[in-house]
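The values are calculated or read from the model by the stated rules, or taken from the named source; none is laboratory data. Because the structure is a prediction, the values reported are computed rather than measured. FYI the Cβ positions are ideal-geometry reconstructions off the backbone, even for glycines, and counts take in every protein chain you see. Remember, those area values only see protein heavy atoms, side chains included, never the ligands or the DNA or RNA. Shrake-Rupley method; radii C 1.70, N 1.55, O 1.52, S 1.80 Å.
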Amino acid sequence: MKSVQSFQLKIATQNLSFRRFLLTLLVLISFQYFVTANELIFRTYEPDYHIEGKKITSANENPQGFLILGTRGGIYLFDGLQYSSLHFPDSLKNHDITNIYCQGNSIWAGLSNGYLIHYEEYKSEPTIIITGNSAITDILTDPEMNLWIATYGEGLFIKQGDGLPQNYSAKDGLPDSFVYTLQIDSSGWVWAGTDAGLVRCRMNENNIEIQVCKNKEMFPDLIIQALVLDQKNQLWIGFNEGGVICYDTQNETIKIVITSESINNGIVSSLLSIEENIWIATNDGSLYCYNQKSGLLENFKASKLNPLPSRMLKLCESNIGGFWVVGDDKVTWSVGSDIEIFSKENGKEIGEVHALLADSKNNLWYCNELGLYCKSMNKSNNTYSKQVFSTKDFNKIFFTCLFEDADGLIWIGTFDRGVIILNPETGSFHFYDEKNGLSNNNVLSIAGKNEEIWLSTFGGVSHARKHSGRIEFEHLNQKTGLGNNYIYQIYIAPDKRAWFATDGTGLSYFENGRFEQLQDSRIVNKAVYSMTQDQSGALWFAVADEGVFRLQGDSLRQFGLADGLGSLSVTSVAISDNFVIVVNNHRIDLIDARTGKVTQTGENIDLHDIKAGLNAITSNGKGNFWIGTQRGYISLKNPSRIAKLKPILNLTAVKVNLQAVSFDKNIVLAYNQNYISFDFTGIWYPRPGDMRFKIKLEGQDLDWFYTRDHSVSYSNLAPGNYTFLLQDASNTDASDEKQISLHFSILKPFWKRWWFITATIVVILLIIKFYFQIRLKKLKHEQQISHEKMEFEYSNLRNQVNPHFLFNSFSTLIALIESDSKNAVSYVEKLSDYFRSILQYRDTELISIFEERQLLENYIFLQQKRYSTGLQLLLNIPAETQNKLIPPMTLQMLAENCLKHNIASKNKPLCIEVFVADNYLVVSNNLQPKNNPEVSTSLGLKNISERYRLFAGKKILIEKTQDKFIVKLPIIQRQ
Amino acid sequence: MSLCCRIAFVFLFLFCFDECNTLIAQQNIYLTENARVSFTSDAPLELIKAGSDKLQGAVDVEKQTFIFILNNATFEGFNSPLQQEHFHENYMESGKFPRTTFSGKIIEPLIVQNGTEQMVRAKGILDLHGVKQERIIKAKIIYKDNLLIINCLFTVLLDDHHLRIPKVVSKKIAPEINVLIEATLKKEPQK
């Protein structure tokens, strides 16, 4: 039942006496206005075992969309599915939370003992601020980041920066120390509602400025329990028993009064301002909304399934859209009054609504199975629906469509009975049917502008004109150029052109006295149910089972299921500013006419199978639409606000190889950090269980995949750049601003990175270069050795065939044969040994000193036969040195050199000494040069020195003293 | 009420409100001359009625504060002695919680003028059965010949004060108890 309440509008001026006069006048002629009771879309959450029996005391939503609940037993975080407790300081025994305030990511929780807990962020460790010992009732931060704390018994505490909270109570000028609520206005005043009225305070540096309002003179009650500032910076005050008033803080006047009676004498516990709406919650569990545009106060009922809390404590805005009603036993989310469901009228089910009409006098006309009803939406009138006609009045008549003409007459289309034209002022009506010239008695649609009215019937179109009170019908049908006789809808476009949505031949329009057909071969099905035209001139029309088409010039776009439409069988389309309202059997979709983005309004907000009637839609031209459904009708306001209802997505954790990583910045990962998982939440209070996500990893996935899970993992990701994209599943717009996107890259392993490859190539090139260098050096070396060898061989060969040596040897031999034939034989043996040795050692690089010694001894033996005692050899080589190495023929050549350059005679014997000193094999001889020496080529010594250098890497030392010539040969160790 | 008792009461009152400036405060304090509290529980099967005229109270008209104290044992006028016994032992637990108090402040400014009659709201803590509840109770105050005549009717929800009723007798006790207070307070003469 709707109750009739009184409402007083008071306009106050600055002039007090004039104001009093006006007040008296206005109270005398106070408006009577009515509170309607409609259903809103609510979603109620009962506490689970976590907070069962803990009595909720306060709540607020944080930017991530979590509802932070303060209870008598701690702080809880609610995401629509579960409650989880916030970390509570261990040092506190009192868990009795009395207020929750969220500002940015910060959360403040006030306790009943005056303690204040602050969380930088819901996951962070809390800090404690101590005020007095009275319960904290409200908290706010001002733009200077001062913290204002209202208490119940000790007035205000103000905490400036890091300082201690300063107390300001009744002793400091507050009207009372019991403060209920705080609000801050745009000019920096903090308004406080107390047990003794309203006060405003401001911090001027370190001093508080307190101004108490004229409470007793101006306000209906002293106890102010709720305050809220609206968009225009007007303060709405909710009283304990004085209803609600709107207070102009600039002029200090009262602008609007909502009396206590009009809210059923409820104690106002909380106020909330959302755009033009002021929401009022009362202690006894009633929810009201005052619309500042229409001036209507409405009371809303909840369904049994989703009841409102019986004791409402607080209202707070929700970040997904809509708001929360917080009660001590439950919390209820509501979409707000943009979608209202009217299923009952005067306590009776309305049933199926076929047609609706919002007339120019702010009445809503609708017809159902029972009759035609008219409901006034003016606050000055009764909001009861008045039955204008019952279907029984006219032998079960069926009303099909409604239309209001320029004179305010209501045209009612019927089946079988033509059209009824009703004068709503007088109640007189008249039937017009085939007898009056109407083409057929079955009327489907009526539309028109000024004096021109079009009626579509089963027999074609009738064009009605009013002439001095009389109505003349002109009959037009297929024969007169109309494409089809069956017209679902006649639509008068903003340019006054009349359009006809036909069953079979698409769209037709009437221009210059004839029908034209809009031909478009791209549209296969020609049955058009409904059409409309947007501000840009584009035509939007619903084709049977093919969704909605948008036609502008030559560009045609079809909207189907893939674009997000709920069904292809669209029953009506209508335009509201920039939104096309598309009604189908299941739900109402909104298409943004500029972007083509589709917003679903259906199951996702608990609006079930609406089964809307064909073209059962009307608008009052002020953005309010009414849609007829199988169970009553739905009122739709602010499509742009409805389109903003969106889940809030949060990325809560990113784990790499099971380790959580920070994801504030771009993530760069090593090649083996390729197991990545993402944890996320989706806040969607209307139906949290149905929250589905759409996920795509750009760089890996080709297409979106859909999930209900709250986490996703990727393993063995190849190196590359990736973008993780997360959207809610209903989203059809790729460039959505509410989607989550996170870039990260996995680096290639170092051996695949450019610098490594370059470095490797450089190193390889260097190695090759060095190799060739060494090889070249070796080759040169070898070349040199072979050269030396050749030279040595050459000199040896020369020695072998040294004719002097051979000649001298032979001379000695001849002498020996004659004198001492025995020695001659051994001489020849030695000679042959000597030559064999030369041949034997010719190709050898190094021989043992022992072998060389034998060679030397042979040579000296041969020469001693010639020089006799003129040549002496003193050999002193220790046994351990004998097996060391020496280039072959070295000693022999040195001995030969000695003989070559020195005199060797009996008087002056040449003495060659061979001994070991300091790791050197020393060959020395006494110096007695020949008077006419043989021409020296110096080849011998040079050859020896080169061979030492090449084969042993050592140098020989040549010393020449006054009487000695010494050659020191380094001893070569065996390898 | 004996003088001794009165003085003790004044001190109790002053103690309650943490006020030491006794001389000034006394001028505006009204103490109960005679006061009666009565209640009715209108249950489907039984109507319980009882009352006590031993209600003591004080109102400070300048500070707008008040206190009322009742000894629970002083209730009388039950239908039967058995009912009285049940009342004290099973429901009120008078042995455990001997007193009921209501103290707080008066919201509306009191007009102390001979012959005025006004409706005020008394906001305070009702301490009944050991459970403290904040209540706003409306009262009619008549000021006449230096007397304050207070009349008020309010209800107490048994559930609010954890007054549990056994299921067997739930039809005999109403969940809502109507309480009527009629009190006459007289200005404490200056010493």
Taking the range A:153-179 and keeping residues at pLDDT 90 or above, under 40 Å from the mean Cα position of the chain (by Cα) and charged (D, E, K, R) leaves A:LYS159
Any chance B:ASP159 is open to solvent by 60 Å² or more (accessible area, probe 1.4 Å), within 14 Å of chain A (Cβ to nearest Cβ), more than 13 Å from the chain's Cα centre (by Cα) and modelled with pLDDT under 90:
yes
If you go through the range A:916-975, how many residues are of a type in the set (S, T, N, Q), farther than 16 Å from A:ILE903 by Cβ and surrounded by 15 or more Cβ atoms within 10 Å (Cβ to Cβ)?
3
When the residues of the range A:668-719 are narrowed to those that are hydroxyl-bearing (Ser, Thr, Tyr) and assigned to a loop (DSSP other than H, G, I, E, B), which ends up least open to solvent (accessible area, probe 1.4 Å)?
A:TYR685
Got a sec? Which of B:LYS105, B:LYS63, B:LYS96 is within 14 Å of chain A (Cβ to nearest Cβ) and more than 14 Å from the chain's Cα centre (by Cα)?
B:LYS63
Qualifying positions in the range A:225-235 - more than 14 Å from every other protein chain (Cβ to nearest Cβ) and over 21 Å from A:THR141 (Cβ atoms):
A:LYS232, A:GLN234
Residue under question is B:ARG121, and the condition is that it be more than 15 Å from B:ILE137 (Cα to Cα) and either open to solvent by 20 Å² or more (accessible area, probe 1.4 Å) or within 14 Å of chain A (Cβ to nearest Cβ) (or both); does it hold?
no
Those residues of the range A:592-621 which are in contact with a Ser or Thr (Cβ under 8 Å, 6 or more places away or on another chain) and closer than 17 Å to A:ILE339 by Cα, in sequence order
A:GLN600, A:ASN604, A:LEU607, A:ILE610, A:LYS611, A:ALA612, A:ALA616, A:ILE617, A:SER619
A:THR332: passes all of (1) open to solvent by 20 Å² or more (accessible area, probe 1.4 Å); (2) part of a strand (DSSP E or B) but (1)
Hey, A:GLY602 hits all of (1) in the same structural domain as A:SER677 (by TED's automatic domain parsing); (2) under 25 Å from A:TYR685 (Cα atoms) but one; which does it fall short on?
(1)
Restricting attention to the range A:884-899, report how many residues are more than 17 Å from A:ILE972 (Cα to Cα) and open to solvent by 30 Å² or more (accessible area, probe 1.4 Å).
2
Filtering the range A:199-224 down to residues that are open to solvent by less than 40 Å² (accessible area, probe 1.4 Å) and within 14 Å of chain B (Cβ to nearest Cβ), which residue is modelled with the lowest pLDDT?
A:ASN215
Quick check on B:GLY115: is it more than 17 Å from B:ASN71 (Cα to Cα), of a type in the set (Gly, Ala, Ser) and either open to solvent by less than 80 Å² (accessible area, probe 1.4 Å) or away from chain A (no Cβ under 14 Å) (or both)?
yes
Pick out, from the range A:377-438, the strands (runs of 3 or more DSSP E) lying fully within it that include 1 or more residues that are basic (Lys, Arg).
A:385-390
Taking first residues from the range B:151-166 that are farther than 11 Å from B:ILE177 by Cβ and of a type outside the set (A, V, I, L, M, F, W, C) and second residues anywhere that are open to solvent by 50 Å² or more (accessible area, probe 1.4 Å) and not in a loop (DSSP other than H, G, I, E, B), the pairs with Cβ under 6 Å that are 6 or more apart or on different chains are B:ASN151/B:LYS140; B:ASN151/B:GLU182
Please report, ordered by residue number, the strands (runs of 3 or more DSSP E) entirely within the range A:506-576 with at least 1 residues that are surrounded by 14 or more Cβ atoms within 10 Å (Cβ to Cβ) and among the acidic types (Asp, Glu).
A:514-518
Which number in (1) surrounded by 11 or more Cβ atoms within 10 Å (Cβ to Cβ); (2) out of contact with any Phe, Trp or Tyr (no Cβ under 6 Å at 6 or more places or on another chain); (3) at pLDDT below 85 marks the one condition that A:SER735 misses?
(1)
Go through the range B:143-155 and report how many residues are closer than 18 Å to B:GLN64 by Cβ, of a type in the set (A, V, I, L, M, F, W, C) and crowded, with 17+ Cβ neighbours inside 10 Å.
3
Quick count over the range A:768-799, residues being open to solvent by 80 Å² or more (accessible area, probe 1.4 Å), of a type in the set (Ser, Thr, Tyr) and modelled with pLDDT under 80, is 1
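Results for (1) of a type in the set (Val, Ile, Thr); (2) surrounded by 18 or more Cβ atoms within 10 Å (Cβ to Cβ); (3) modelled with pLDDT under 85, shown as yes or no for each residue.
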{"site": "A:ALA815", "(1), (2), (3)": "no, no, yes"}
{"site": "A:LEU855", "(1), (2), (3)": "no, yes, no"}
{"site": "A:LYS865", "(1), (2), (3)": "no, yes, yes"}
{"site": "A:GLN882", "(1), (2), (3)": "no, no, no"}
Every pair of residues 6+ apart whose Cβ atoms lie under 9 Å, when the first sits in the range A:156-179 and is open to solvent by less than 60 Å² (accessible area, probe 1.4 Å) and in a loop (DSSP other than H, G, I, E, B) while the second is acidic (Asp, Glu) and modelled with pLDDT of 90 or more
A:SER169/A:GLU154; A:SER169/A:ASP176; A:PRO175/A:ASP195; A:ASP176/A:ASP195; A:SER177/A:GLU154; A:SER177/A:ASP195
Going residue by residue through the range A:240-257, is there one that turns out to be touching a residue at least 40 places away in the same chain (Cβ under 8 Å), buried (at least 20 other Cβ atoms within 10 Å of the Cβ), away from chain B (no Cβ under 14 Å) and farther than 19 Å from A:LEU182 by Cβ?
yes
A:PRO909 versus (1) open to solvent by less than 30 Å² (accessible area, probe 1.4 Å); (2) within 17 Å of A:LYS964 (Cβ to Cβ); (3) touching a helix residue (DSSP H, G or I) at 6+ places or on another chain (Cβ under 8 Å); (4) of a type outside the set (Phe, Trp, Tyr): which is the lone unmet condition?
(1)
List every residue pair whose Cβ atoms lie under 6 Å apart, where the two residues are 6 or more positions apart in sequence or sit on different chains, the first residue falls within the range A:715-734 and is β-branched (Val, Ile, Thr), and the second residue, located anywhere, is at pLDDT 80 or above.
A:THR723/A:GLU698; A:THR723/A:SER741; A:THR723/A:HIS743; A:THR732/A:ASP563; A:THR732/A:GLY564; A:THR732/A:VAL598
Does the range A:259-266 contain any residue that is touching a residue at least 12 places away in the same chain (Cβ under 8 Å), away from every other protein chain (no Cβ under 14 Å) and crowded, with 23+ Cβ neighbours inside 10 Å?
yes
Restricting the range A:267-289 to residues that are charged (D, E, K, R) and under 14 Å from A:VAL228 (Cα atoms), the one surrounded by the most Cβ atoms within 10 Å (Cβ to Cβ) turns out to be A:GLU276
Residue in the range A:180-198 that is surrounded by the most Cβ atoms within 10 Å (Cβ to Cβ), counting only those that are of a type in the set (Val, Ile, Thr) and more than 14 Å from chain B (Cβ to nearest Cβ):
A:THR181
Please verify whether B:LYS140 is surrounded by fewer than 16 Cβ atoms within 10 Å (Cβ to Cβ), more than 14 Å from chain A (Cβ to nearest Cβ) and of a type in the set (D, E, K, R), treating the condition exactly as stated.
yes
